Amino acid sequence: MKYLVAFTALFLLAVLGVSAMPYVKVLGVTPDLVLVFAACWTVARGQGEALVVVPLAGVLRDLTTSDPLGTSVLALSPIVLLTATRALWIMESELVPTLLVVGAGSLGYGVLSMTVLAATGQEMPWADGLLRVVLPAAVVNALFTPIVYLPVRWLSPQPRPGLAGTAPSSR
Amino acid sequence: MRVIWWLLTVVSVSLLSIILSQQRALDPLENLSLRITSPTEGGLRDLADPIAQLFEGIVDRGDLVRENQRLREELERLQAEAAAYQDAALRIQELEMALGVKQGRSQDQFLAADVVAQDSSGLKRTIAIDRGTSDGVDEGMVVLSPGGSLVGTVFQSYKGFSWVRLVTDPESAVNAQVLGGSPESQGGSEARGVAVGNLRQGLVLDMLPSDSQVSEGNLVITSGLGGNYPQTLLIGSVKAVEERPQAPFKRATLEPAADLWSLETVLVLTSFRPARLVGP
């Protein structure tokens, strides 16, 4: 059931990403809600589910873009690795780590996508791509994270610390 | 340990998929994708415009007062210039007729297509249209806006839909000429260059002769050189000219004639066979 929910949400977000979202531009880039959702799900529900949801997000994203199939699956995989550092997080709040995972995941996604596109023979303006697309995308995706994080957090079964770092016992 | 195995599997499968995708072995799967999602996308695109306007309103709220004042001043100036523009409009109409953008393509055959998706990654400038190989659309075909100006070329064609590379994509390069930009060395012929897509500036006209007389507002059309585009298709107009002393070539930033990001319908030029399709 949980994967069906994730699939449905990712499908809608992937379709939204190529239909309505291109009209929304902040700092010249469009927020990648599929990436943000995958990162939020991973942080909120653990690495076990991330092993399924992240590739699912990649496949759905690949199917709705002109990139070669497999590009997004590969480019999103760093998100799972980033959450492997979960044990090192000292903050009670999960929002800040989620923002960091989204930001770092966006950077990884951008660099890996550019590498794949360059390797498949496409012209890749690295300087412009990094400065005008990848870096702004990391910031913009982080800005949009709370919008996706809150419903994902709400869907997650285990009680978690509050947004501002409040421990569950204090609520 | 489980994550390492997962990572190895994902990397292997992804690389294999990328290779197979490049070999067109996964076309049946890719062909299904946008055909399934396009009905949902159509509805979402219809909803997008008011949402985008609302979003812009939220983002730009702080600038509205200053913007209003500036617009009032600009209105006064524009009213004074309106009479002069009426004369210029007649001149533009004559140029359009001379270019054949509106009237000279009556012999060409077009296939109308709806835009069903846009690439949102930012690394590419591409759109998807709801016409594919079953409609006679082939890779390399030229795509125009409803007004007749150049939009791009089809670069991936599947049974039910195609991906179009816009002229502003970094991969796009179109042989072009500037109307009214004749270099002294070419004795009256139009200045020629290559219109290339650019992530920073959108569309740039490069390789212009250094002695060409290109100025802001000049119209830029396809030159037909290379055989991949028909002649005299309107690409856009010169927005700014970059003078580079000592450089052998000039560069100019262009404003595409078609509003590439709000296209809903495009025309695929089916009667023109690009050189890359015809072969040597």
Exercise. Look at A:Ala14 and say whether it is under 24 Å from A:Val96 (Cα atoms) and more than 7 Å from chain B (Cβ to nearest Cβ).
Key: no
Quiz item: How do the strands (runs of 3 or more DSSP E) wholly within the stretch B:72-183 filter down when requiring 2 or more residues that are surrounded by 18 or more Cβ atoms within 10 Å (Cβ to Cβ), within 14 Å of another protein chain (Cβ to nearest Cβ) and modelled with pLDDT of 90 or more: which remain?
Solution: B:126-129, B:150-157, B:162-166
Quiz prompt | Count - residues of the stretch A:17-52 that are facing chain B (nearest Cβ under 8 Å), of a type outside the set (Ser, Thr, Tyr) and in a helix (DSSP H, G or I) | solution = 6
Exercise. Determine whether the stretch A:69-91 contains at least one residue that is within 13 Å of B:Ser121 (Cα to Cα), more than 14 Å from the chain's Cα centre (by Cα) and within 12 Å of chain B (Cβ to nearest Cβ).
Key: yes
Exercise. Kindly provide the set of residues from the stretch B:194-208 that are assigned to a strand (DSSP E or B) and among the hydrophobic types (A, V, I, L, M, F, W, C), ordered by number.
Key: B:Val194, B:Ala195, B:Val196, B:Leu203, B:Val204, B:Leu205, B:Met207, B:Leu208
Exercise. Test A:Pro159 against the criterion of being more than 30 Å from B:Ile19 (Cβ to Cβ), modelled with pLDDT under 90 and outside any helix (DSSP H, G or I), and give yes or no.
Key: yes
Quiz item: Do you know which of the residues in the stretch B:184-200 that are touching a strand residue (DSSP E or B) at 6+ places or on another chain (Cβ under 8 Å) and modelled with pLDDT of 85 or more is farthest from A:Val29 (Cα to Cα)?
Solution: B:Ala191
Practice problem: Would you check which residues across the stretch A:78-105 are among the polar types (S, T, N, Q) and either touching a Cys at 6+ places or on another chain (Cβ under 8 Å) or in contact (Cβ under 8 Å) with a residue 24 or more places away in the chain (or both) and list them? | Solution: A:Thr83, A:Ser93, A:Thr98
Practice problem: Tell me, please, whether a residue that is outside any helix (DSSP H, G or I), facing another protein chain (nearest Cβ under 10 Å), over 14 Å from A:Val43 (Cα atoms) and at pLDDT 75 or above can be found in the stretch A:108-121. | Solution: yes
Quiz item: Can you tell me which residue in the stretch A:122-132 is surrounded by the most Cβ atoms within 10 Å (Cβ to Cβ), limited to those that are closer than 21 Å to B:Ser14 by Cβ and at the interface with chain B (Cβ under 7 Å from one of its Cβ atoms)?
Solution: A:Gly129
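Condition check ((1) modelled with pLDDT under 90; (2) out of contact with any His (no Cβ under 8 Å at 6 or more places or on another chain); (3) in the same structural domain as B:Ala195 (by TED's automatic domain parsing)) across all residues:
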{"site": "B:Asp211", "(1), (2), (3)": "yes, yes, yes"}
{"site": "B:Val214", "(1), (2), (3)": "yes, yes, yes"}
{"site": "B:Tyr229", "(1), (2), (3)": "no, yes, yes"}
{"site": "B:Val238", "(1), (2), (3)": "no, yes, yes"}
{"site": "B:Gln246", "(1), (2), (3)": "yes, yes, yes"}
{"site": "B:Thr253", "(1), (2), (3)": "no, yes, yes"}
{"site": "B:Leu277", "(1), (2), (3)": "yes, yes, no"}
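The values are calculated or read from the model by the stated rules, or taken from the named source; none is laboratory data. Just so we're clear, the structure is a prediction, and the values are computed from it rather than from any experiment. Don't worry about glycine lacking a Cβ; one is built from the backbone with ideal geometry, like all the others, and counts go over all protein chains shown.
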